[in-house]
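**Student:** The structure that follows is given in the form of structure tokens.
The values are calculated or read from the model by the stated rules, or taken from the named source; none is laboratory data. Since the model is a prediction, treat every value here as computed from it, not as a measurement. Calculation scope for accessible area: heavy atoms of the full protein, side chains included, ligands and nucleic acids excluded. Shrake-Rupley method; radii C 1.70, N 1.55, O 1.52, S 1.80 Å.
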Amino acid sequence: MRGFLAFMIIAGLGGGLFLWQKRSEHETDAKQTSAQSAPTPRPIYEHDWAKHSLDTTHSVIDQIKGQRKDDDLKDAVGRR
């Protein structure tokens, strides 16, 4: 019986702390969103470096493909 009582007290304290933390996070999020007036560009976060590098690589590849296509069209016109 004592073990069950100790478990209930610990579970109640843990649940109360969890709910208190969630409520305080919600309040700080609401304050931060109301304080922001103008949207800013999204910064590159530490964990997004791989996605950013892949996006940059794909945009460069697309530019190169476009340049080669334009060069091929110019060469084809000049050969006639």
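**Student:** Run the numbers for Leu13 and Val60: contour at 0.36 nm per residue of separation, minus the present Cα-Cα distance, in nm.
**Tutor:** Details: separation 47, 0.36 × 47 = 16.92 nm, distance 5.49 nm.
Value of the extension gain: 11.4 nm.
**Student:** Continuing with this model, one more query. Excluding ligands and nucleic acids, what accessible area in Å² is computed for Thr56 using a 1.4 Å probe, to the nearest 10?
**Tutor:** Its accessible surface works out to 60 Å², give or take rounding.
**Student:** As a test of reading the structure, rank Lys22, Lys65 by solvent-accessible area (1.4 Å probe, protein chains only), most first. Mind showing how you got there, number by number?
**Tutor:** Working: Lys22 105, Lys65 130 Å².
Ranked list, largest accessible area first: Lys65, Lys22.
**Student:** Could you pull the accessible area for Asp62 with a 1.4 Å probe, rounded to 10 Å²?
**Tutor:** 100
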